[in-house]
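Please read the structure below before turning to the comments.
Just so you know, all these numbers are worked out from the coordinates, no wet-lab data involved. Computed from a predicted structure; not experimentally measured. Here the Cβ positions follow ideal geometry from the backbone for every residue, glycine too, while neighbour counts run over all protein chains shown.
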2 protein chains.
Amino acid sequence: MPKPVSIILDWGTSSLRAALVSETGETLDSRDTTSGGIQFVKDGAFEAALMDTVGAWFAAHGPLPVLASGMITSRNGWVEVPYVDAPAGLAELAAGTKQLTLQNGAVITFLPGMRDPAAKPFPDVMRGEETQIVGFGLDKDRTLVLPGTHSKWARVEGGRIAGFQTYATGEIFALLTKHSFIAKALEPVAGAEPVWSAFDRGAEFAASDERAADALLSAVFSARTGVLASMLKAEDIGDYVSGLVIGSEFRQARATGWFSPGDAIGIVGNNVLSSRYGRIAPLFDLTVEPSPPDAAKRGVQLIAGQLYK
Amino acid sequence: MPKPVSIILDWGTSSLRAALVSETGETLDSRDTTSGGIQFVKDGAFEAALMDTVGAWFAAHGPLPVLASGMITSRNGWVEVPYVDAPAGLAELAAGTKQLTLQNGAVITFLPGMRDPAAKPFPDVMRGEETQIVGFGLDKDRTLVLPGTHSKWARVEGGRIAGFQTYATGEIFALLTKHSFIAKALEPVAGAEPVWSAFDRGAEFAASDERAADALLSAVFSARTGVLASMLKAEDIGDYVSGLVIGSEFRQARATGWFSPGDAIGIVGNNVLSSRYGRIAPLFDLTVEPSPPDAAKRGVQLIAGQLYK
């Protein structure tokens, strides 16, 4: 087995995920525990929770450096790490870390989140996504989108993260399909596969030249009028709304200046949600650069690499 | 007492509201009952429910004509009345009514809703708002907005309702403030009065020249970042979001072509919600024409007047 050189933690509110990593970035072993999630740790006993999860790795390999990101660095976590302001690259992110020495002598490094003071109407924030952006690559000027409940559009320029903006698209989708007039009419899809024809229909309207496509507050009502007009089936509604809101995110990102037709953008991640984003990109005349696997882990290693240079 | 000439019903899913009306439109008596709401009427016993509510009026004044609008004319109601297509004026709406003779010999007239086949991406519908628009007045070309859970923007041209569009703004506001990340942070306002300074802040951003104001999916996230940046207080959040989403409705209605800066628009209704709309209009360089009281009742009488000419 290659020699382990560090332990990387993705430590969030509901779970603690740990990886034992080699110099080349290979994951040699991993743990994924919900009991370590911040909300389940009592009285600030974070070190004990960490030892429960990775104590065996320390015993076998000595006091390896630990690199932690996620909500563990927030006000409700172990060590609050202030946001680093955009624009920021490797040097600024590394300078924003905080360190603590564990009882066994291992040093744990907490990575900072980022703040964009130029965002409107208030400074925007992220915690974790900046690490994925670094892992995707700061080598080239480009726009990246990070799909999620609160997705991020970010701009890389001159080797730094120049700015970013949060879109609450995933949350709006969940609200509409779980709690609104849409929820009552919607029928879940039988198979595992999305109804892509319905998804495309929503996305194509959002990408169209119709002026009404600028009116998302109105367009969501089409999930009802489409059914009334017998143009949407109950089992189409969920994916139709998905295409409509993600398509509207692209439309609004274009209006806000994150891309122009003809650009190449990066979509960070390789999950079901990123495949939906990838399907919409061509409707806005965008090409997609492939995402490296494990962008988050790569990003942590690159930031930490600055500390040990 | 002036002589009663008709009974006007606003008969919805959750309540039945009845008015005994004189020739000049004066309300001589009224009933408001939840037990008559469509969802509470069993086995289609609508006539019995009606007699429970207004039987005494028939007994006192004879078989007066009854005029009914609301969800009672929908698929789940007593008599389904097909939508009348836009453009439509008094003649078309009157021609779209359906009549039924009650056991006591009184004739009940059910008013139609309207459909806009030109709406994108699917034909839009309304049921009840067209009556309010008629009551506001078809005498002059203008744009009207009807605030509500599903508000309507409508255009009156050449004495007819030329087209309309639904905005699910009230519903999106309720979803955000009851079920989203915003709900967790929000504290209710102590007094009865809205926090107008917070409302204005949201509305002013929506009306601003900032490109980010075109990105509502992002702007809603400002309810969180404003608190993180200590620029919004917990008790400001609700009214801030209200200003932001209603302001965004105006912004999107402008993008869709419902008005241009400098126009005069009508805001139908005289409730708390219409005062919020009225406060935003000047931010978009709009003047507001006052709404007549009881636009809905006036509209019903004008449409019914066509039948008895």
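Annotations
- The chain A residue nearest the rotation axis shared with chain B, using its Cβ and rounding the distance to whole Å, is A:L175, 2.
- Computed over the protein assembly as shown, the percent of Cα pairs more than 35 Å apart is 49.
- Cross-link pairs A:K178/B:K184; A:K140/A:K297; A:K178/B:K297; B:K120/B:K297; A:K184/B:K42; A:K120/B:K184 - those with Cα-Cα distance over 24 Å: A:K178/B:K297; B:K120/B:K297
- Label-point separation in nm, B:D139 to A:A190, each point 7 Å along Cα→Cβ: 6.0 nm
- Semi-axis lengths (Å, descending) of the ellipsoid that matches the C-alpha gyration tensor of chain A: 39, 22, 17
- Counting from the shortest, the label point at A:P63, 7 Å from Cα toward Cβ, is 9.8 nm from the same position in each remaining copy.
- Relative contact order %, chain A, counting alpha carbon pairs below 8 Å whose residues are six or more apart: 16 percent
- Over region A:167-289, the alpha carbon radius of gyration divided by the compact-protein estimate 2.2 N^0.38 Å works out to 1.02.
- Within 10 Å of the Cβ of each residue in A:222-233, the mean number of Cβ atoms contributed by other protein chains is 4.
- Computed on region A:1-132, the Cα convex hull volume stands at 108 Å³ per residue.
- Position B:E193, label points 7 Å along Cα→Cβ, spacing to each other copy in nm (shortest first, one decimal): 6.1
- Karplus (6.51, -1.76, 1.60) ³J(HN,Hα), θ = phi - 60°, over region A:27-34, in Hz, Gly and Pro reported as x: 7, 8, 7, 8, 10, 9, 10, 7
- Across the options B:A60, A:G247, B:N76, the greatest Cα extent toward the positive end of the charge dipole of the protein assembly as shown (unit charges at beta carbon of Lys, Arg, Asp, Glu) belongs to B:A60.
- Mean per-residue shielding of peptide A:180-193 is 1, counting Cβ atoms of other chains within 10 Å of each Cβ.
- Less than 5 angstrom separates the built amide H of B:S151 from those of B:Y167, B:T169, B:G170, all sequence-distant by 5 or more or on a different chain.
- Residues whose amide H falls under 5 Å from that of A:D29, counting only those 5 or more places apart or on a different chain, are A:L20, with hydrogens built in the peptide plane.
- Rounded to the nearest Hz, the phi-derived 3J(HN,Hα) couplings of region A:235-247 under the Karplus curve 6.51 cos²θ - 1.76 cosθ + 1.60 (θ = phi - 60°) are 7, 8, 4, x, 6, 4, 5, 4, x, 5, 6, 5, x, where x marks glycine and proline.
- Each part reduced to its alpha carbon centroid, region B:263-277 and region B:30-55 end up 31 Å apart.
- Cross-link reach list, aspartates and glutamates versus B:K152, counting only Cα pairs under 17 Å and skipping chain neighbours closer than eight places: A:D214, B:D85, B:D116, B:D124, B:E129, B:E130, B:D141, B:E171, B:E249, B:E289
- Gain on full stretching of the segment that runs from A:A48 to A:S260 - 0.36 nm per residue minus C-alpha separation: 71.3 nm
- Each copy carries a label point for A:P117 at 7 Å from Cα toward Cβ; from one copy, the others' points are 5.9 nm away, ordered from shortest.
- Per-residue Karplus couplings for region B:111-123, computed as 6.51 cos²θ - 1.76 cosθ + 1.60 with θ equal to phi - 60°, are listed in order as 8, x, x, 10, 10, 10, x, 8, 5, 10, x, 10, x Hz, Gly and Pro entered as x.
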